[in-house]
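The values are calculated or read from the model by the stated rules, or taken from the named source; none is laboratory data. In this text, all values refer to a predicted model and were calculated from it rather than measured experimentally. Virtual Cβ from ideal backbone geometry, glycine too; neighbours counted across all protein chains shown. Accessible surface areas use protein heavy atoms only, side chains included; no ligands, DNA or RNA. Shrake-Rupley method; radii C 1.70, N 1.55, O 1.52, S 1.80 Å.
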Amino acid sequence: MNLRKLLKMIYRVYINFKKGILDPEAEAIKRTIDSMGYKTIKNISKGKFFDIEISSSKNTLGDLEKISSDLLSNPIIENFKIIKK
Amino acid sequence: MPKKVVSIVVFPGSNCDRDLDIAVQKYMNVNTELVWHDDPNIKNQEMIFIPGGFSFGDYLRSGALATKSPAMKEVIRLSKKGVPIIGICNGFQILTECKLLDGALIDNYKRLFICKENFVKIENKNTLFTKNIHKNVVQFPIAHAQGRFYTSEDNLKRLEDNNQIVFKYSSRDGKIKKSENPNGSMNNIAGIINKNKNILGLMPHPERAVNFSEDNDGISFFIGLQNFL
């Protein structure tokens with residue numbers, strides 16, 4: 001593995017609906033899985049993620065937190081979580 | 001006396017801006033200026049409209065990317081000075097994403113794009129936006145896929161207590177029933193106002209209810225807005 005790849009800094013921001021908000025897409029997927037005959041699926045929630053590569057580690061988490069709460073998610077309906085890849 | 005001028009902000013994907021332009025000029029007796037989204041200056045500040053359609057493909061969430069455009073930054077600044085602002089459909093979504101209005105507008109309950117006429121009850125006539133509409137129930141077209149109004153229970157109570165809910169989906173005779181709720185909005189909400197009463201957002205399209213006869217309800221909506229000017 002080359003050094004450049006090793007040094008890549010990528011963070012993943014996960015976004016999902018807050019509890020209690022009906023997601024009709026996840027409901028439809030669940031109904032389809034039910035119709036496929038699987039009996040043990042209790043609940044499905046759907047989310048999305050963004051992989052964000054950064055060029056410097058200065059203020060990274062602070063900036064990512066701001067970007068996530070200010071744009072990538074809407075705090076009224078969504079939660080976000082940031083992890084380092 | 002020269003006519004006053006109101007502004008209509010246009011985004012890549014807006015598609016109700018021309019309809020709005022025609023309705024506003026004809027029934028508010030003003031001139032209009034269309035402001036492109038990357039213009040940081042809004043010269044004409046009598047009233048600002050954020051039209052329906054789409055903005056930036058509605059990527060991420062409806063209206064989310066539009067909130068960061070230079071024109072919207074100016075709209076946010078002017079809103080604090082009391083400039084009257086009306087967001088229709090995507091414009092309502094943009095105003096909630098900017099946090100100028102409470103709540104969020106998310107996928108319709110049945111995840112369908114809904115395009116039909118709906119009756120809408122005017123819940124609060126004590127606003128400058130609605131006080132001159134002579135009917136209590138109006139008929140406006142709706143056309144959206146993300147129109148389900150959602151907010152926290154606390155915020156919902158605050159909106160109700162402050163009389164900030166201006167429009168609710170209803171029956172022809174003004175009954176607020178679940179069966180008249182097209183998209184699953186909380187409490188049948190179709191439009192709200194901010195606490196300072198200068199910003200209105202609504203999902204229905206009054207600008208599409210002005211063409212067919214003199215008693216189309218969009219006409220009294222726009223004539224009524226002359227209060228502000």
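List the pairs from A:48/B:178; A:39/A:85; A:84/B:68 whose alpha-carbon separation is above 29 Å, in the order I gave them. Correct reply: A:48/B:178; A:39/A:85. Extension gain, residue B:26-residue B:125: 0.36 nm per intervening residue step, less the Cα-Cα distance, totals 33.3 nm. Counting only protein heavy atoms and a probe of 1.4 Å, the accessible surface of the range B:5-228 is 46% carbon and sulfur.
For the range B:5-228, what is the percent of antiparallel DSSP beta bridges, rounded to the nearest 5? That works out to approximately 60 percent antiparallel.
Per residue of chain B, the DSSP helices (runs of n ≥ 4 H) give a summed -39500 (n - 2.57) that works out to -6000 deg cm²/dmol at 222 nm.
Counting Cβ atoms of other protein chains within 10 Å of each Cβ in A:73-80 and taking the mean gives 5. Summarising the strand pairing of the range B:45-149, around 75 percent of its internal DSSP beta bridges are antiparallel.
Take each peptide in B:59-72, B:15-28, count the other Cβ atoms within 10 Å of every residue, and average; sorted highest first, the result is B:59-72, B:15-28. For the protein assembly as shown, the share of DSSP beta bridges that are antiparallel, to the nearest 5, is 70%. Taking the longest Cα principal axis of chain A as reference, the axis of helix A:24-35 is set at about 60 degrees. Placing a label point 7 Å from the Cα of residue B:226 along the Cα-to-Cβ direction, the residues of the range B:1-31 whose backbone N falls under 16 Å from that point are B:1-6, B:23-31. The length gained on full extension between residue B:196 and residue B:213, counted as 0.36 nm times the residue separation minus their Cα-Cα distance, comes to 2.7 nm. Shown for the range B:5-228 is the translational diffusion coefficient from the Stokes-Einstein equation, using the Kirkwood radius over Cα pairs, a temperature of 10 °C and a viscosity of 1.306 mPa s: 93 µm²/s. Think of a 1.4 Å ball rolled over the protein heavy atoms: the protein assembly as shown then has 52 Å² of accessible area per residue. Residue by residue along B:44-53, Cβ atoms of other protein chains within 10 Å of the local Cβ number 0 on average. Amide H contacts under 5 Å for residue B:118: B:140, B:142, restricted to partners 5 or more places along the chain or on a different chain, H placed in the peptide plane at 1.01 Å from N.
Peptide B:59-65 has a mean shielding of 3, counted as Cβ atoms of other protein chains within 10 Å of each residue's Cβ. Using equal-weight Cα scatterers in the Debye expression, the normalised intensity of the range B:50-153 in log10 at q = 0.10, 0.12 Å⁻¹ is -0.31, -0.45. A simple spin-label model places the labels of residue B:113 and residue A:31 2.1 nm from each other, with each point 7 Å out along Cα-to-Cβ. Think of the protein assembly as shown as having a plus end and a minus end, set by charges on the Cβ of Lys, Arg, Asp and Glu; of A:79, B:133, A:7, A:7 sits farthest toward the positive end of this dipole.
Given R0 = 41 Å, the distance between the Cβ atoms of residue A:14 and residue B:161 translates into a calculated FRET efficiency of 0.70. The 3J(HN,Hα) values that the Karplus relation (6.51, -1.76, 1.60; θ = phi - 60°) gives for the range A:80-85 are, in residue order, 9, 9, 10, 10, 8, 7 Hz. Gly and Pro appear as x.
Once the Kirkwood radius over Cα pairs is known for the protein assembly as shown, the Stokes-Einstein relation at 4 °C and 1.567 mPa s delivers a diffusion coefficient of 62 µm²/s.
Annotation: extensible slack from residue B:3 through residue B:39 equals 10.7 nm (criterion: 0.36 nm per residue apart, minus Cα-Cα distance). About its Cα centre, the dipole of the protein assembly as shown is roughly 1040 debye, where the only charges are +1 on Lys and Arg Cβ and -1 on Asp and Glu Cβ.
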